[in-house]
Amino acid sequence: MRTFLLASTILMAATSAFAQSSPQPAAPPAATAPASSILTVERVFANPSLAGPVAKGVSLSPDGELVAFLRSREDDVDVLDLWAAPVKGGEPFKLIDARALVPDAGELSEAEKARRERMRISQRGVVEYSWDEQGRYILAPLEGDIFLANRADGSVRRLTETTADEIDAKVSPKGAFVSFVRDQDLVVLNLASGAEQAITTDGDGLITWATAEFIAQEELDRDTGYWWSPDERFIALQRTDETQVDIIPRLDITGGGASVIEQRYPRAGRPNAVVELYVQDVQAGQRVKVDLGANADIYLARVNWAKDGRTLYVQRLSRDQKTLDLLSVDPATGASRVIATQRSDAWVPLNHDFKALTDGNFIWASEESGWKHLYLHNRDGRRLRAITRGDYPVKALEGVNEATGEIFFTASMRDGKEYPIEQQLFRASMKRTATPVEITPRGGWWSASVNRTGTAYVGNYTDVNTPMQSALYGIDGQRIRWIEENRLQPGHPFWPYAERQQKPTFGTLQSHGETLMWQMTTPPDFDPSKTYPVVMQVYGGPSGGGVKNGWQSATNQLLTEAGYIVFRLDNRGEGDRSAAFKQALYLKMGQPEIEDQVIAADYLRSLPYVDDSRIAMMGWSYGGFMSLMALTEPKMGLASALAGAPPTEWSLYDTAYTERYMSTPQANVDGYAASDVLGRLDHLTGRLLLLHGMADDNVIFENTTRVLNALQEKSIPFETMLYPGQRHGVRGNERQLHLWRTYLDFLDRTIGARAPAKAD
């Protein structure tokens, strides 16, 4: 279950007792004051986007001369085009116009729909792209076919035009080939001759080559199933056999009818797909099988090549996820040996921080100290030294400058201590363990992508006063050029509503020795002598957390304009924090999280301006589960809850996610029983709105229908809204508009202006 936050999830800001922040970067001077227009739900889900011109998927060309990025069309926020901007100055220009190349986008294949659902891609057009390592080409899959943009002359060449979808397309490292998966087989296209070579030919039915299986895509954060060696000699590729995976028939209900999908869905405690790894010698046409060990019931977690292409590194995760082995593989023979191992009594978290270096050493992250940190290893796996150290987690290794021995990483840290509400880019050294140096200024939330040489980075920044901005910076932090300044000023889509936007405030609560972060936003014209209803927004499960010093979602303002205080708490188990903080929910999901939310509800009721009889909770996915658990917890005392796509019984969910946190249903009977919503329905404290997509292939619709049935059997009134054709999220402006009209109507009737008056 990759993090799926409710559409209204807030990116937050302000000050707190936990984090006395330095002054925020000043908002740009305004030519005129913004108007005081009231934001409406109709405007939020219309074009252009209120977020302004936000660049997505920003990357610097390998030669450092061009910055590429994705931008939503002004006439349709759900379609992306590919843009570029010269590093040395000049206006951005459109490289690939999605509508011009494919005016009438057809239906995607089921495989591509599923892949995009796993990657949380909801838009169409150019949704991903990649460079060759020389920066000559940009490869862009578009509506099932593949296009190649040539830097030299600006031309765009269509490489495929078939009835089948070509998925997971890549330019080979030296730019000689383009590879992709078609009809469950891997194909390589020679760019010079245009000839195609089928690397595999037996992909069909339950056998798939070079594609990450469902579990890898959904739960291991691995979206590909093949990897080129740097010299283009080899391709490592996986073979997936789903024969032993249970068939879970599900109805795919759309507005035009229904079909039965016999989905291979590996539920907790049941068999997974069998995944094997092979190495194809592209030149010789030979293939060898990689030795992944005698036990086939494992997860293929990560695959990386050494810089010289002579060693393949494979991360093998045990089925119980308590052991992560790093294998060194000879690509010529497939022989392997374990060179490093990470272990945990709960689970070993995966990351993307493995980095092979030119001298044969490598960097790898570990959480064994209780915090995620970076370590330098030699080619045989022996740890040489810690690169980072302290009471904070490294978020991600962003880049390396091998010439200087510097590494660059993001972290939520100040002065060596955890600081969850902000994120910065830091510099450290591979040569010694030293105090990291801040590259980006304090005061907001930075994400960064460092170039291959470690001399520049693309930085994305937001804070409470600043919508997301993107720029190119030198590694010293000096801005080279804007990519999307996205300045809040007259002409910005959000400008008419800026005056009524309320700034959230931070605070902290304590639970079992842990500090919990919260944020609160009050309505416009807030009067502390009055009382207000509260909407508690929640995700609650393992994720990156939601309490951040960042720009607020427009849907958050819909709630404050409707007169609600909006509150969010990141409970134990949620967020990139210490191992102890995350592992608090181990074997007992739905218990410590609800304990913490009760603490939050008690805090809210202690405030004189909160109407303690009018508190609601809303969330989607894990947040839907949390909303149901909270509504059936008498200590919460909720008046209502809105639960979207909720997992309601964890044995119905998939293996990797559920077993990571809950073990198997057979080994943790009590934990599974305690988290089953059905056993709690007699304790509902208020009104319930259940929502679900009727084609959900992630949290299967059965999770909701079993609750509908149980409530009806108990004659308990409730409300339901179902979305034909929608999977795990509700997509598109029209349906989002409907969803939010439904939210606002339900809240108005249960805790808002139309709620029944409370008894004296």
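The values are calculated or read from the model by the stated rules, or taken from the named source; none is laboratory data. Because the structure is a prediction, the values reported are computed rather than measured. Counting neighbours? That spans all protein chains shown, and the Cβs are built from the backbone with ideal geometry, glycine included.
Some values worked out for this structure:
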| quantity | calculated |
| --- | --- |
| Residue match in segment 681-703 (condition: under 23 Å from Glu595 (Cβ atoms), under 30 Å from the mean Cα position of the chain (by Cα) and of a type in the set (Asp, Glu)) | no |
| Selection status of Ser429, in contact with a helix residue (DSSP H, G or I) (Cβ under 9 Å, 6 or more places away or on another chain), over 30 Å from Thr505 (Cβ atoms), modelled with pLDDT of 95 or more and not charged (D, E, K, R) | no |
| Pairs, first closer than 15 Å to Tyr392 by Cβ in segment 422-443, second assigned to a loop (DSSP other than H, G, I, E, B) and basic (Lys, Arg), C-beta under 6 Å, six or more apart | Thr433/Arg389 |
| Only one of Thr358, Thr323 that is closer than 27 Å to Arg267 by Cα and among the β-branched types (Val, Ile, Thr) | Thr323 |
| Among (1) at pLDDT 90 or above; (2) β-branched (Val, Ile, Thr); (3) over 25 Å from the mean Cα position of the chain (by Cα), the one test that Ile167 misses | (3) |
| Residues satisfying the stated conditions in segment 458-468, i.e. assigned to a strand (DSSP E or B), of a type in the set (S, T, N, Q) and surrounded by fewer than 22 Cβ atoms within 10 Å (Cβ to Cβ) | Asn460 |
| Tally of residues being in a strand (DSSP E or B) and within 24 Å of Ala667 (Cα to Cα) across segment 268-278 | 1 |
| Answer residue from segment 471-504, given it is assigned to a strand (DSSP E or B) and surrounded by fewer than 19 Cβ atoms within 10 Å (Cβ to Cβ) and is nearest to the chain's Cα centre (by Cα) among those | Trp482 |
| Leu220 vs. criteria touching a Lys or Arg at 6+ places or on another chain (Cβ under 9 Å), outside the structural domain of Met721 (by TED's automatic domain parsing) and farther than 22 Å from Val187 by Cα | yes |
| Some residue of segment 643-652 being within 25 Å of the chain's Cα centre (by Cα) and in a strand (DSSP E or B) | yes |
| Some residue of segment 296-315 being within 30 Å of Thr243 (Cβ to Cβ) and in a loop (DSSP other than H, G, I, E, B) | yes |
| Considering residues of segment 230-267 that are part of a strand (DSSP E or B) and acidic (Asp, Glu) only, the residue nearest to the chain's Cα centre (by Cα) | Asp252 |
| Answer from Gly546, Gly563 - the residue that is in a loop (DSSP other than H, G, I, E, B), in contact (Cβ under 8 Å) with a residue 12 or more places away in the chain and buried (at least 24 other Cβ atoms within 10 Å of the Cβ) | Gly546 |
| Residue that is modelled with pLDDT under 95 and either over 30 Å from His692 (Cβ atoms) or of a type in the set (D, E, K, R) (or both), where the choices are Glu262, Glu242 | Glu262 |
| Residue in segment 299-312 that is surrounded by the most Cβ atoms within 10 Å (Cβ to Cβ), counting only those that are in contact with a Phe, Trp or Tyr (Cβ under 9 Å, 6 or more places away or on another chain) and over 23 Å from Arg660 (Cα atoms) | Leu312 |
| Flag for Leu472 being among the hydrophobic types (A, V, I, L, M, F, W, C) and in contact with a helix residue (DSSP H, G or I) (Cβ under 8 Å, 6 or more places away or on another chain) | no |
| Residues that are out of contact with any strand residue (DSSP E or B) (no Cβ under 6 Å at 6 or more places or on another chain) and surrounded by fewer than 20 Cβ atoms within 10 Å (Cβ to Cβ), drawn from segment 208-229 | Asp221, Asp223 |
| Looking only at segment 696-734, and only at residues there that are of a type in the set (A, V, I, L, M) and not in a helix (DSSP H, G or I), the one that is surrounded by the fewest Cβ atoms within 10 Å (Cβ to Cβ) | Ile716 |
| Criterion (farther than 19 Å from Ala210 by Cβ and among the aromatic types (Phe, Trp, Tyr)) met by exactly one of Tyr299, Tyr278, Tyr265, Tyr313 | Tyr265 |
| Residue among Val699, Val707 that alone is over 22 Å from Leu638 (Cα atoms), in contact (Cβ under 8 Å) with a residue 24 or more places away in the chain and in contact with a helix residue (DSSP H, G or I) (Cβ under 9 Å, 6 or more places away or on another chain) | Val699 |
| Those residues of segment 294-343 which are closer than 21 Å to Asp654 by Cα and either in contact with a helix residue (DSSP H, G or I) (Cβ under 9 Å, 6 or more places away or on another chain) or among the small types (Gly, Ala, Ser) (or both), in sequence order | Ala296, Tyr299, Leu300, Ala301, Leu317, Ser318, Arg319, Asp320, Gln321 |
| Subset of segment 185-207 that is under 30 Å from the mean Cα position of the chain (by Cα) and in contact (Cβ under 8 Å) with a residue 40 or more places away in the chain - its residue that is surrounded by the fewest Cβ atoms within 10 Å (Cβ to Cβ) | Leu206 |
| Members of segment 371-426 found to be more than 15 Å from Glu438 (Cα to Cα), part of a strand (DSSP E or B) and polar (S, T, N, Q), listed by number | Asn401 |
| Residues located in segment 330-353, provided they are over 30 Å from the mean Cα position of the chain (by Cα), surrounded by 14 or more Cβ atoms within 10 Å (Cβ to Cβ) and not in a loop (DSSP other than H, G, I, E, B) | Ser336, Ile339 |
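To keep it simple, each residue is scored yes or no on (1) closer than 24 Å to Leu684 by Cα; (2) of a type in the set (A, V, I, L, M, F, W, C).
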site: Ala580; (1), (2): no, yes
site: Leu585; (1), (2): yes, yes
site: Gln591; (1), (2): yes, no
site: Ile599; (1), (2): yes, yes
site: Leu607; (1), (2): no, yes
